[in-house]
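The values are calculated or read from the model by the stated rules, or taken from the named source; none is laboratory data. Small disclaimer: the values here were computed from a predicted structure and weren't measured. All Cβ positions, glycine included, derive from the backbone under ideal geometry; neighbour counts span all protein chains shown.
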Ligand SMILES: O=C(O)CCC(=O)C(=O)O
């Protein structure tokens, strides 16, 4: 099997993403896809994530990354069938293919809950350096489980910065500061925001009294190392449940 065959099996077709959507993603580096999740899926995911956060306590996120001011729950591939959609949705996968090209795989699937009064990040890119415009290694998708608002710290991005060839650590004097061209990605829950991971982006400050839940499905080129080694972590029962195409996308 190759990736285009796997994508076809999960429902990706030529017109899955319109040319306007592809153009928007190319130019701006992000693309909101609305109504990917329905209310019941969102509720199931939030309730499972809250349960996992409680069960895992201080260990939550340890498989991948822990971050002050947030609860991160990692290795979601193996933590419930409700998370499978994170690496199986045709619209999302069509967008990832558009950014990285046909040779990619899931790198990690985790949740980031920005806690009340916390969550502000410095601008970063999910890659070590700037890259040639068009030569992209990684692409992320943020799955909004709560409405993302100014108040709860919707993701901040600098549109077009993925084409600058520069990394924020080299280009910005102080990446923790507001950027003059930044915008916040305001959207309703159920939306998935694709963002080219070379785009300068950052979590915003959650100024509400509730955690802001988002799931991050992060993809990389197939010949690169995954953040979560899916072969090492995959549970036999997860493996048994998945289709051949889903296994290919995970590279297990
Ligand atoms: O939670 C967000 O809004 C962005 C998260 C992010 O960029 C990260 O954790 O690297």
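Data overview
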| read-out | value |
| --- | --- |
| Residue count, region 168-187 (criterion: away from the ligand (no atom under 13 Å from the Cβ) and over 19 Å from residue 26 (Cβ atoms)) | 11 |
| Region 50-65, subset surrounded by 14 or more Cβ atoms within 10 Å (Cβ to Cβ) and under 21 Å from the mean Cα position of the chain (by Cα), residue farthest from residue 83 (Cα to Cα) | 65 |
| Test result for residue 131, surrounded by 24 or more Cβ atoms within 10 Å (Cβ to Cβ) and under 16 Å from residue 160 (Cα atoms) | no |
| Residue within region 73-80 that is within 14 Å of the ligand (Cβ to nearest atom), assigned to a strand (DSSP E or B), in contact with a helix residue (DSSP H, G or I) (Cβ under 8 Å, 6 or more places away or on another chain) and more than 14 Å from residue 197 (Cβ to Cβ) present | yes |
| Only listed residue being away from the ligand (no atom under 12 Å from the Cβ), buried (at least 17 other Cβ atoms within 10 Å of the Cβ) and assigned to a loop (DSSP other than H, G, I, E, B), chosen from 190, 165, 153 | 190 |
| Only listed residue being part of a loop (DSSP other than H, G, I, E, B) and at pLDDT below 95, chosen from 64, 37, 17 | 64 |
